[in-house]
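J.: If you scroll down you'll find the structure; I have some questions about it.
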Amino acid sequence: MPNQFHSDIPAPVLADVQTHLDAIKAALSPYLVSLTPEERKTMLRMADKTVAFVTKTTEYATTNAAFVPGFVDLAELKQDSAAVAALTPLRQQFEQLALDTDSTVMTAGGEAYGNSLTIYNNIKFLAKNKQPGAQAAYDDLSQRFVGNAGAGRKPAPTPASA
């Protein structure tokens, strides 16, 4: 597979991005809620169809007070609906950025690991052929595969199988 990642990301770019992320986090943190995994499991969730339902329900409740039970706070419903509308575009951008960042890390990591396996297998070959310095490097690097040692041992993966 050809190498797909060819860039050195300049340190000033990474520092600038980190500064902006810190500023975004600081700006939003007073308004964001953190849920535990258990709370997330029990929470009602809004998908696209549900957003439309909530919007229409809020409109009906706003135009006809008789539709709203006494225990429902219409102002809170409106505030919650507004928060969803305001945060959804941000969430979509954050999710896309996270996906692209993850894809880049996966691509660069896979390429680095594949090339490292190729070099490792070459060092292993050279160590078997008594190349000076190869045995020490092989002994050091083979610790990564220590769980594969013994009878019926699996060979170190090749870049195609890694």
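Only the coordinates and a few stated rules stand behind these numbers; no lab work does. As the structure is a computational prediction, the values presented were derived from the model and not from experiment. Note that we place each Cβ from the backbone using ideal geometry, even for glycine, and neighbour counts take in every protein chain shown.
J.: Specify the longest stretch of the chain that does not include any exposed loop site, a site being one of the chymotrypsin sites (Phe, Trp or Tyr not before Pro) with a non-H, G, I, E, B DSSP assignment and at most 16 other Cβ atoms within 10 Å.
T.: Within the chain, the longest run free of exposed chymotrypsin sites (Phe, Trp or Tyr not before Pro) spans 72-162.
J.: Between the DSSP loop rule and a limit of at most 11 other Cβ atoms within 10 Å, which trypsin sites (Lys or Arg not before Pro) in region 58-149 are left?
T.: Of the trypsin sites (Lys or Arg not before Pro), the ones in loops of region 58-149 whose Cβ has at most 11 other Cβ atoms within 10 Å are K130.
J.: Would you calculate a helix-derived [θ] at 222 nm for the chain, using -39,500 (n - 2.57) for each DSSP H run of n ≥ 4 and dividing by the full residue count, to the nearest 500? Could you put the intermediate results ahead of the total?
T.: Details: 5 runs with 103 residues, N = 162.
Using -39500 (n - 2.57) per qualifying helix, the result is -22000 deg cm²/dmol.
J.: Moving on to the next point. When all C-alpha to C-alpha distances in region 13-61 are sorted into bins of 10 Å, what percent of pairs does each bin hold, rounded to whole numbers?
T.: Here the calculated profile for region 13-61 is 20, 23, 34, 19, 4.
J.: With r as the distance between the Cβ atoms of L77 and L21 and R0 = 41 Å, compute the FRET efficiency 1/(1 + (r/R0)^6) and round to 0.05.
T.: The calculated FRET efficiency here is 0.80.
J.: Let me ask something else about it. What is the ratio of the Cα radius of gyration of the chain to 2.2 N^0.38 Å, with N the residue count, to two decimals? Provide the component values of the computation, followed by the final result.
T.: On the way: Rg = 27.2 Å, N = 162, 2.2 N^0.38 = 15.2 Å.
So the chain has a normalised radius of gyration of 1.79.
J.: Which residue, Y138, L97, I9, has the largest displacement toward the positive end of the dipole of the chain when charges sit on each Cβ (Lys, Arg +1; Asp, Glu -1)?
T.: Of the options given, the answer is Y138.
J.: I've got another one for you. Among A127, A66, A83, which one moves the most in a GNM of the chain with springs linking Cα atoms closer than 10 Å?
T.: It is A66.
J.: For K78, what is the net charge nearby, where nearby means another residue's Cβ is under 15 Å from its Cβ and Lys, Arg count +1, Asp, Glu -1?
T.: Neighbourhood net charge equals -3.
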